[in-house]
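These notes concern the structure reproduced below.
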Amino acid sequence: ERITDYLEYILGKGVGPLFSVSGPEFVSAPLFGPNEFAEMVVKYEGGIAKIVHEYNGLVWVHCHGGIRRVLDHFISTGIDGLQPIDTPPYGDTSLEEARRKLQGKVCMIGGIQVGDIYKDPKEVVEQKVREVIYKWGSDGFILGLSADLYSGIDDVILEKLKAIIDIHIKYNTFPKRAVEE
């Protein structure tokens, strides 16, 4: 109740339009099953999404790990986006399976593991980005990192991040407005 009261207060003050919710990963596999996930996540996330939507906002949920068995539950919450889609070995869902379940219902956000930005050479990162774009396409998906960068951004990391943007532009996967700005 405190969260929804606060949410309604800040929405009434014009905060938004995008809200990120974290935490469901603590109730996903392997710690809990779909029934527990439904009981502890769906009604609360659904309530948050409903309130935000009443103010014409969007909600994305951050949830790492094993989400394959709860993809339908995410859909039932009414959220707008799910980030990240952790593929094996980090999670249990392939990009293809997530697309089949979520396309047209929940925007998929992610595709690139944040650790790859630190450990892989630029050319490998570029190849992974091209593969994700090929597998996911440009509809119903936003290419991004699986999580925030967890240490500083040096010149090498910055070049890899710029390469991701360049590939987006090359393959025309940014919305037109974003490219023009």
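Restricting attention to segment 96-128, and to residues there that are of a type in the set (A, V, I, L, M), within 13 Å of the chain's Cα centre (by Cα) and surrounded by 19 or more Cβ atoms within 10 Å (Cβ to Cβ), which single residue is nearest to Asp148 (Cα to Cα)? The residue in question is Ile112.
For Ile153, the criteria (1) at pLDDT below 85; (2) part of a loop (DSSP other than H, G, I, E, B); (3) open to solvent by 40 Å² or more (accessible area, probe 1.4 Å) hold in every case but one, which is (1).
Please work out which residue is farthest from Phe26 (Cα to Cα), limiting yourself to segment 48-70 and to residues that are in a helix (DSSP H, G or I) and in contact with a strand residue (DSSP E or B) (Cβ under 8 Å, 6 or more places away or on another chain). Before you say what the answer is, go through the steps one by one.
To start, the set of residues in segment 48-70 that are in a helix (DSSP H, G or I) comprises 48-54, 68-70.
Next cut, in contact with a strand residue (DSSP E or B) (Cβ under 8 Å, 6 or more places away or on another chain) only: 48-49, 52-53, 68-70.
Values: Ile48: 18, Ala49: 19, Val52: 23, His53: 25, Arg68: 15, Arg69: 14, Val70: 13 Å.
Per the criteria, the residue is His53.
For the subset of segment 71-95 comprising residues that are part of a helix (DSSP H, G or I) and in contact with a Gly (Cβ under 9 Å, 6 or more places away or on another chain), which member is most open to solvent (accessible area, probe 1.4 Å)?
First pass over segment 71-95, keeping only residues part of a helix (DSSP H, G or I): 71-77, 95.
Checking the rest, the ones that are also in contact with a Gly (Cβ under 9 Å, 6 or more places away or on another chain) come to 76-77, 95.
Details: Ser76: 76, Thr77: 9, Leu95: 15 Å².
Checked segment 71-95; the qualifying residue most open to solvent (accessible area, probe 1.4 Å) is Ser76.
Within segment 111-137, residues that are among the charged types (D, E, K, R) have Cβ atoms under 9 Å from residues that are assigned to a strand (DSSP E or B) in these pairs: Asp116/Leu145; Lys128/Gly111; Lys128/Ile112; Glu131/Gly111; Lys135/Gly111, counting only partners at least 6 apart in sequence or on another chain. If you check Glu97, Glu159, Glu123, which single one turns out to be modelled with pLDDT of 85 or more and closer than 29 Å to Gly46 by Cα? Going through Glu97, Glu159, Glu123 in turn, the sole match is Glu97.
Among the conditions (1) open to solvent by 70 Å² or more (accessible area, probe 1.4 Å); (2) part of a loop (DSSP other than H, G, I, E, B); (3) modelled with pLDDT under 85, the only one that Lys135 does not satisfy is (2).
The values are calculated or read from the model by the stated rules, or taken from the named source; none is laboratory data. All figures in this text were calculated on a predicted structure; none of them were measured in a lab. Counting neighbours? That spans all protein chains shown, and the Cβs are built from the backbone with ideal geometry, glycine included. For the accessible areas, the whole protein counts, side chains as well, though only heavy atoms, and no ligand, DNA or RNA atoms are used. Shrake-Rupley method; radii C 1.70, N 1.55, O 1.52, S 1.80 Å.
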